[in-house]
Amino acid sequence: MAKEKPAKERRQHKRSKTKALAVAFEGQSYDTHDLSIGGTMVTGYDGPLSAGSLLSVTGIGPSGGQMTEVNIRARVNRNGPGPGELALTFLDLDEKAYGILQDYMASRVEGLEASEAPETRNPLAPPGPPGTPGPDDQS
């Protein structure tokens, strides 16, 4: 039997490395993926909510850590694609939730900027291969 090749990465843009956040609803905490101001995907859910269900997210914070009490009205978009996953759309955020999500999104952008920072070179120098010093560089 031939060994299968790993699936080719289809992402065209880098992903930032940020700490995982969790949300709480129905008295439980759930890890999130693709969290944004507009919604999130939660994992580990094993309950009755299905597409179209409305819910209140009551907490947000670091995965496994102290939650900040918030009030986010949300709707379930879909179950899946994996088992125990719910895609949520946030309908209404209170001020605390908005601030937490804004800070989280800013840290994601900072993570991307840091990972894509160009090598230091004189911006007035003619183009050359990365790392090629310009005429005014003293390094």
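Only the coordinates and a few stated rules stand behind these numbers; no lab work does. Keep in mind that this is a model prediction, so the values were computed, not measured. No Cβ is skipped: glycine too gets one built from the backbone with ideal geometry, and neighbour counts run over all protein chains shown.
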Next item on the list: Choose one of 59, 74, 97: the residue whose Cα lies farthest towards the positive end of the charge dipole of the stretch 21-111 (beta-carbon charges +1 Lys, Arg; -1 Asp, Glu; about the Cα centre).
Entry: 74
Next item on the list: Could you size up the charge dipole of the stretch 21-111 around its Cα centre, putting +1 on the beta carbon of Lys and Arg and -1 on that of Asp and Glu, and report it in debye to the nearest 20?
Entry: 200
Note to self: If you consider only alpha-carbon coordinates, what radius of gyration and Dmax does the stretch 21-111 have, in Å?
What the structure shows: 12.1, 38
